[in-house]
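Step one of this worksheet: look at the structure below.
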Amino acid sequence: MSEAPKKTKHTGPAPLHGLLAEYETPNALIHGAEKVRNAGFRDWDTFSPFPVHGIDGAMGIKATILPWLILGGGMTGFTLALGFQWWANGVDYPFLISGKPYWSVPANIPITFELTVLFAALTAVFGMLALNKLPQPAHPLDLRDRFSRATDDRFYVLVQASDPAFDERDTRALLEQSGAVFVEEVPEDAASESELPRGILYVLLIIAAASTIPFAMAAYARESKTTKTRFDIIPDMDFQQKFKGQRMNTFFADKRADRPELEGTVAVGELHDDDHLYAGKVNGSFARTFPAAIKIDEATMNRGRERFGIYCTPCHGQVGEGDGMVHQRATSLAEGTWVPPSNITEERVRLIPVGELFNTVTNGVRNMPGYGHQIPAEDRWAIILYVRALQKSRAAELKDLSEQERESLIRGG
Amino acid sequence: MAHGKEVHLEDNIQIGDEASDLGKKALGVGVVAIVLGAVVGGGPFGKQFNASYLVAFMYVLAIGLGFLWFVTIQHLTNAKWSVVVRRVAEIIAANMPVLALLSLPVIIPIALGQSEIYEWSDPSKVVQSPALEHKAGYLSISFFLVRIAFYFGFWSLLSRYFLKQSMDQDTSGKAEINKSLQALSAPSMIAFAITLTFCSIDLLMSIDAEFYSTIFGVYYFAGAVASAYSLLSLSLMWLQGKGRLSHAVNREHYHDLGKMMFAFGVVFWSYIAFSQFMLIWYGDLPEETHWFHDRFNGDWKIVSGALLGCHFVIPFFGLLSRHVKRNRKTLAFWAFWILIVEFVDLYWLVMPTLSKDEIPFHIADILCWIGTVGIFIGAAAMRMKGKNLVPTKDPRLADSLAFLNP
């Protein structure tokens, strides 16, 4: 670099940029900086290979406004994240997720937190660069050989000639007295461009323009109609080498992709040849007794009560009177098509044989869907047992009570 | 840079009768307040006294554990900035045996099976609850007592050892002590994390034995560390007000203590509190949500909202600026603030389980708080008397004295 200036736009010597003073230790630099500060200079700076504690005070630098910018960045991220989630899910496209409110703040906090941090961090990085006027493509100091030691083991003060207090002779004397081991003149850099090279500028402009394309496409897609199908980004996921149901497969004689069950096939454990247990029928008519496989005991009763609570109470209510939550809701909405659920404790139902009740639970009746596919047969019988108990509780006579219960009833009454 | 440099301290680094005077007064007030609290709270086995005392005890235990953690992490990381403030922290952390003594009003009712707060200690209540029966193996009185003895034994030994070794260095000046304490603090930190977690589960979370949250210990830890940094700042200010450590501790050290108050008392606490809340809210399992349901309904709604505002929003903006942390008066204000909201936080952890819908405020709450804090501060002040308040021969002392924030 010592042969610079290679190419000068002006003839004659380059004008003076400033004076550079070199120091050997961080303490000498601080001492020198204090001298320059006290002399009242404004256009000057210090350079060191690492951050030197106390240099801010020695240079008289005021506290940076960067923290305020970062706070502003963080609050912008916070507002943007929360606002966008509110707008997207609460206003523009209300979408019910797991029964939560459309705008559910707890679920929004993680994204809000992340964007707050992201905006604060980006503001810190780019704010630091901007406040330091970086990047700076060229600087007159780049042409000074000695100055390369600023990245190694020497410390520098540069006083610029543009400062009103600058006087070449006096300033040189000041720097020499301040403990500098070497002072030299720094000419202006007439050779390098002071602006960003055109090439880089164009690339940046193209990137900026290109970055708007996805947004433009999204906006266009929102506002336009098309007859084209969507394009496949990952074709082998969209078109997989397999046959789906209801499609053609020429491999088989009937050319159907889905294969019918073979006649007489029974899955393991699904034989269900006990009509009493699985259909509630004995010799073709509804059974009046429980099947032998069902034990009539307290465990079965408790099981039935629990299953009844899960499957039956929504419509039939806690004690089976047909006043469950679904019924109440349907009635309050005044749905004309609603068929009220039966009161299973009334006499009509009490007289139905258990086998027929079992059949109703299994296959449904009127509006009631069948539960055969989701409640195992043993549990269905347990429910019937519990239903019988409910019915009995509603039609009990005094003679059904024990001696004790009778007495307490009389005393209580 | 200035490693191992001979340091000449001009400050007055010892305190005598002023500390013991404060200590005697605080101990006297503390004992009287606890006795009064027991009288108005229905005797040593009264439910009101037991509940009030539990909150107050967990509060001072948190402070003590925070100090012990502070000492341990400084040794573990070979920290330089904190050397001038570490001795005061070591002296206060050595309160662990005092805390073991203070735990007796909590432990004895459980040991005698007369606690009305810990349902798991009552066999007649255990048989009514499948969850309690399931946990009976862990939550049994004898196993509980063994664990408590282990926690306090470990903490007492560790805190005393740190103080003793550090004091020995004042006379011997051996630099190897730093190395050996650093080696000790690594396994101790792991043991500390485990003991603190389980202690908070045993003493706080088990009140509502059907509730469980794996992050509960971390929640308690966040408050513990925040209140320890706050009390450490206030202790140093008190000592400086008495003309001690006038130059050794400067605004650079307060700035760092303030950063930690902000980091733990505001940000970390909120992060953990929200993490605990969000997972339970999202998971929506009844055995977990009832805990928050108790706290988000009735009058407790106000306290929960106040915690959000006073433990996060207000101090976040209040303590954010470096100017606030570098100014002794503003830092003192926020230190008191954190110490007060910590108490509210612990009250909020304990009381809603015992009284749903209504805030069961009772004068015993305040008396127990004054009592345990009085005894805690009194014991620490008595111990301070006649000791060097700075580790004078720690090789890192010069670095700590010259420490500057960037």
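The values are calculated or read from the model by the stated rules, or taken from the named source; none is laboratory data. Predicted model only: the values in this text are computed from it and were never measured. When we count neighbours, we look across all protein chains shown, and the Cβ atoms used for this are built from the backbone with ideal geometry, even at glycine.
Suppose we filter A:L96, A:L131 for residues that are loosely packed, with under 14 Cβ neighbours inside 10 Å, farther than 30 Å from A:V157 by Cα and away from chain B (no Cβ under 14 Å); which single one remains?
Exactly one residue qualifies, and that residue is A:L96.
Restricting attention to helices (runs of 4 or more DSSP H) lying wholly within region A:319-365, give those where 1 or more residues are closer than 27 Å to A:P376 by Cβ and among the basic types (K, R).
A:347-350
I need every pair where a residue in region A:49-75 that is closer than 18 Å to A:E22 by Cα has its Cβ under 9 Å from the Cβ of a residue that is of a type in the set (D, E, K, R) and part of a helix (DSSP H, G or I), sequence separation at least 6 or different chains.
Correct list of pairs: A:P49/A:R149; A:A58/A:E34; A:A58/A:R37; A:M59/A:E34; A:M59/A:R37.
Only residues that are more than 13 Å from chain A (Cβ to nearest Cβ) and part of a helix (DSSP H, G or I): list them for region B:320-335, please.
Listed by number, the residues that qualify are B:R328, B:K329, B:T330, B:L331, B:A332, B:F333, B:W334, B:A335.
Residue under question is B:A306, and the condition is that it be under 20 Å from B:W81 (Cβ atoms), modelled with pLDDT of 95 or more, away from every other protein chain (no Cβ under 13 Å) and part of a helix (DSSP H, G or I); does it hold?
Taking the combined requirement at face value, the residue does not satisfy it.
Can you tell me how many residues in region A:99-123 are within 14 Å of chain B (Cβ to nearest Cβ) and either touching a strand residue (DSSP E or B) at 6+ places or on another chain (Cβ under 9 Å) or of a type in the set (A, V, I, L, M) (or both)?
Total satisfying the criteria: 6.
Residue pairs, Cβ under 8 Å, 6 or more apart or interchain, first in region B:170-183 and more than 24 Å from B:I13 (Cα to Cα), second in a loop (DSSP other than H, G, I, E, B). List them.
From region B:170-183, the pairs are B:Q182/B:N78.
Could you check region A:397-410 and list, in sequence order, the residues that are surrounded by 11 or more Cβ atoms within 10 Å (Cβ to Cβ) and among the aliphatic types (A, V, I, L, M)?
Result: A:L401, A:L409.
Is it the case that A:A150 is surrounded by fewer than 12 Cβ atoms within 10 Å (Cβ to Cβ) and either touching a helix residue (DSSP H, G or I) at 6+ places or on another chain (Cβ under 6 Å) or not in a loop (DSSP other than H, G, I, E, B) (or both)?
Spelling it out, it is not the case that A:A150 is surrounded by fewer than 12 Cβ atoms within 10 Å (Cβ to Cβ) and either touching a helix residue (DSSP H, G or I) at 6+ places or on another chain (Cβ under 6 Å) or not in a loop (DSSP other than H, G, I, E, B) (or both).
Determine whether A:G73 is within 14 Å of chain B (Cβ to nearest Cβ) and either touching an Asp or Glu at 6+ places or on another chain (Cβ under 8 Å) or assigned to a helix (DSSP H, G or I) (or both).
yes
Quick one: how many residues across region A:27-69 are part of a helix (DSSP H, G or I), within 14 Å of chain B (Cβ to nearest Cβ) and out of contact with any Gly (no Cβ under 7 Å at 6 or more places or on another chain)?
7
Could you tell me which numbered condition B:A402 fails, if it satisfies all but one of (1) away from chain A (no Cβ under 14 Å); (2) among the hydrophobic types (A, V, I, L, M, F, W, C); (3) more than 23 Å from B:A19 (Cβ to Cβ)?
If we test B:A402 against (1) away from chain A (no Cβ under 14 Å); (2) among the hydrophobic types (A, V, I, L, M, F, W, C); (3) more than 23 Å from B:A19 (Cβ to Cβ), just (1) comes out false.
If you take just the helices (runs of 4 or more DSSP H) that sit entirely in region B:187-302, which of them hold at least 2 residues that are away from every other protein chain (no Cβ under 14 Å) and over 20 Å from the mean Cα position of the chain (by Cα)?
Once the helices (runs of 4 or more DSSP H) in region B:187-302 are filtered for at least 2 residues that are away from every other protein chain (no Cβ under 14 Å) and over 20 Å from the mean Cα position of the chain (by Cα), what remains is B:216-241, B:286-295.
What residue, among those in region A:353-371 that are without any contact (Cβ under 8 Å) to a residue 60 or more places away in the chain, of a type in the set (A, V, I, L, M) and farther than 16 Å from A:E321 by Cβ, is surrounded by the fewest Cβ atoms within 10 Å (Cβ to Cβ)?
Across region A:353-371, the extreme among qualifying residues is A:V365.
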